[in-house]
1. Which value, in debye to the nearest 20, describes the size of the charge dipole of segment 1-144 about its Cα centre when Lys and Arg Cβ atoms bear +1, Asp and Glu Cβ atoms bear -1, and nothing else is charged?
2. Calculate, axis by axis, the spread of Cα positions in segment 1-42 along the three principal axes, and write the results as whole Å, longest axis first.
3. Using a 1.4 Å probe over the heavy atoms of the protein chains, calculate the carbon and sulfur portion of the accessible area of the chain as a whole percent.
4. Can you tell me the 0 to 90 degree angle between the C-alpha axis of helix 65-79 and the longest principal axis of the chain, rounded to 10?
5. Take every Cα pair under 8 Å in the chain that's 6+ residues apart, average their separations, divide by the length, and report that relative contact order as a whole percent.
6. For N125 and E141, compute 0.36 nm times the residue count separating them, minus their Cα-Cα distance, and round to one decimal in nm.
7. Cα atoms only: what Rg and Dmax, in Å, come out for segment 66-145?
8. Rank these residues by their accessible area, most exposed first, probe 1.4 Å: R43, R10.
Amino acid sequence: VLIVEANPKRQMAMEKTLKKMNCDVFLCLSVGEALQRLRVLTRPGSSQVIPDIVLLSHDLGLSQAQDVGALGKQLEQFTSVRRTVVAATVDVLGPQGHANIKATTWSKAASSNDVGALLQQPLVNYAKILIQKPIKQKSIEELISMRKLTGNGDYLGMTPDNFIQKLKELKEKVPTAA
């Protein structure tokens, strides 16, 4: 899960929830940082790490709009086949949070498909769903269920076969003592 959240306290709360679900988490304070992280993770020729879920804070601000567009284009190869799900996290605490709750209809999973109710350009073009912040396990489960796995070995996490393959690759890279 790639998280883009400018508030470190909120980042830690999200990470805690996701770690309880055994998710690997990549934290980014800005969209620019997420774009750079994504480029490194998905670099061809390396063991690619494709994020299953990208959580973007809905209040990133207009100063990051250009980077949001670039991130969306970078993710397009994965989102177009539903390999990666992009969600916007929406604060539901405090006065602004109460306004956010009233702005759309929320499901029991603390999510909403009405992205136009709270998102502006360009984020509205990339996020497919809204989830409430602080995030809830049932919201993440819904995002996971939205993903579509292809039949070509794109599986989440570690399997015994790919673990053995990785060990063999590492063994080949380590020089042996003479």
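The values are calculated or read from the model by the stated rules, or taken from the named source; none is laboratory data. Treat the numbers as computed from the prediction; the structure is a model and nothing was measured. Positions of Cβ are backbone-derived with ideal geometry, glycine not excepted, and every protein chain shown enters the neighbour counts. Areas reflect the complete protein model, heavy atoms only, side chains present, ligands, DNA and RNA absent. Shrake-Rupley method; radii C 1.70, N 1.55, O 1.52, S 1.80 Å.
1. The calculation lands at about 280 debye.
2. That gives 27, 22, 7 Å along the principal axes, largest extent first.
3. Answer for the chain is 54 percent, counting heavy atoms of protein chains only.
4. Its long axis makes an angle of about 50 degrees.
5. This gives 21 percent for the chain.
6. Stretched fully, the N125-E141 segment lengthens by 3.5 nm.
7. Taking only Cα atoms of segment 66-145, I get Rg and Dmax of 12.7, 38 Å.
8. Reading off the accessible areas and sorting them downward yields R43, R10.
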